[in-house]
Amino acid sequence: MSSLPASAQVASSPSEDAQPDGRPARGSAAHRPKPGRKVYLDCINVLAIIGVVALHNRFNYRVDYDSPGWVLENILSGTAVAAVPLFFMASGITLLNFTERESVGTFYKKRFTKILVPLLIWGQIYLFARSWFTHTPLPKGEEILTVLLAPSTVGVTLWYLEALIGVYLVLPIFSYALRGAGEKKVRLAWLMAVLGLFMPIATTTVHKINPHIMPEFTAPIVGYVGFCFLGYALANTSFSLPWRLVIYVLGVAGSLTHILYGPYLTLNHHGLESLAMSYLSIPTIFWASAVFVFFKSLPLNRLPQAAQTGLRKLSALTFGVYLIHLLIIQGLAAYGWPLVDYRLEAPYALMVWASSLILVWLLRWIPPVRKWLVP
């Protein structure tokens, strides 16, 4: 393995001079291919959001432990569990070196405008939508205030934005650390990834096995920052074929552990299943890393320009899809189109994703909505 210089592009956001659908304006710099653009990040973003939608389809659908649906549930879960870690990893690639491009003040202004405002607005949207879908009285002032302070209490998928805000708060410290590391920044990234990911896993594992030795201590934000460093380290390290094969084997083993061993823990050792199935678990880290390295190793930059542009446009809509997809799932369930058959989970997820994609694309043609609701 050898270190490569960092040259990440922000793959999850459209360019500043793009049109509402993510299409570059005529004559703009964005209309021309960007040298060194990491096309694999666009691909990862698109596949990750489909995985997220597939995981959240099951909010209104439950299967019995002894049914065929239980098997499919675990296969889908063990495959799509890499989605959220991949989002954090992509954030690390694009943001950990931000101090080389802009000031901390500019970083906070841009990022919190894009994250905090939509978080607060969508919390209220999910709150009022719940009343609409369930035909219950509109929320009162106290409930509105509660959701303003903790939006994920009603829009459960919004936890990711809350976690992302926590990551952004500490990111300048680590960005300056990487900047000061000079030629050793990739080594520092690997060290921080190992510490950030495995320390919370170790403390949680010891506590679950023997609470008397280790008191309960959860600091998931440390793990999410660890995923940011992992993404940065993987992106800036060149792997030979033998090393990639090792990573793939570990990744498949991690996914199979989730699929096969996770259900066993769920049924026979309830409370320990997170050791095999949570985002902050060794199997998930291995699986997410394998998926990342696989797409990074593909020659996606050789795709026709039209295909690369299509991936970029789909990637630019990912954040909006994340914000709105649960609302569509809830609406479908409320108006007689719930997921009722485990054999339809995959096509149902694709339908929700496509519907979310189209709706976000349409909404982004409205400038205020594009700026504050689906940036």
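Read-outs throughout are calculated quantities, based only on the coordinates presented, and are distinct from any laboratory measurement. Since this is a predicted model, take the numbers as computed values, not measurements. Note that each Cβ is placed from the backbone with ideal geometry, even for glycine, and that neighbours are counted across all protein chains shown.
Listed here are the residues, each with its yes/no results for (1) touching a Pro at 6+ places or on another chain (Cβ under 8 Å); (2) farther than 20 Å from Val222 by Cα; (3) hydroxyl-bearing (Ser, Thr, Tyr).
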{"residue": "Pro242", "(1), (2), (3)": "no, yes, no"}
{"residue": "Ala253", "(1), (2), (3)": "yes, yes, no"}
{"residue": "Thr257", "(1), (2), (3)": "yes, yes, yes"}
{"residue": "Leu260", "(1), (2), (3)": "no, yes, no"}
{"residue": "Pro263", "(1), (2), (3)": "no, yes, no"}
{"residue": "Ile282", "(1), (2), (3)": "no, no, no"}
Exercise. Please state which one of Leu332, Leu344, Leu300 is on the phi < 0 side of the Ramachandran plot, in contact with a Cys (Cβ under 8 Å, 6 or more places away or on another chain), surrounded by fewer than 20 Cβ atoms within 10 Å (Cβ to Cβ) and not small (Gly, Ala, Ser).
Key: Leu300
Practice problem: With the condition kept exactly as written, say whether any residue in region 133-155 is among the aromatic types (Phe, Trp, Tyr), part of a helix (DSSP H, G or I) and either more than 23 Å from Ile328 (Cβ to Cβ) or free of Cβ contacts under 8 Å to residues at least 40 places away in the same chain (or both). | Solution: no
Quiz item: Failed condition for Ser175, given (1) hydroxyl-bearing (Ser, Thr, Tyr); (2) loosely packed, with under 14 Cβ neighbours inside 10 Å; (3) more than 19 Å from Leu326 (Cβ to Cβ), with all others met?
Solution: (2)
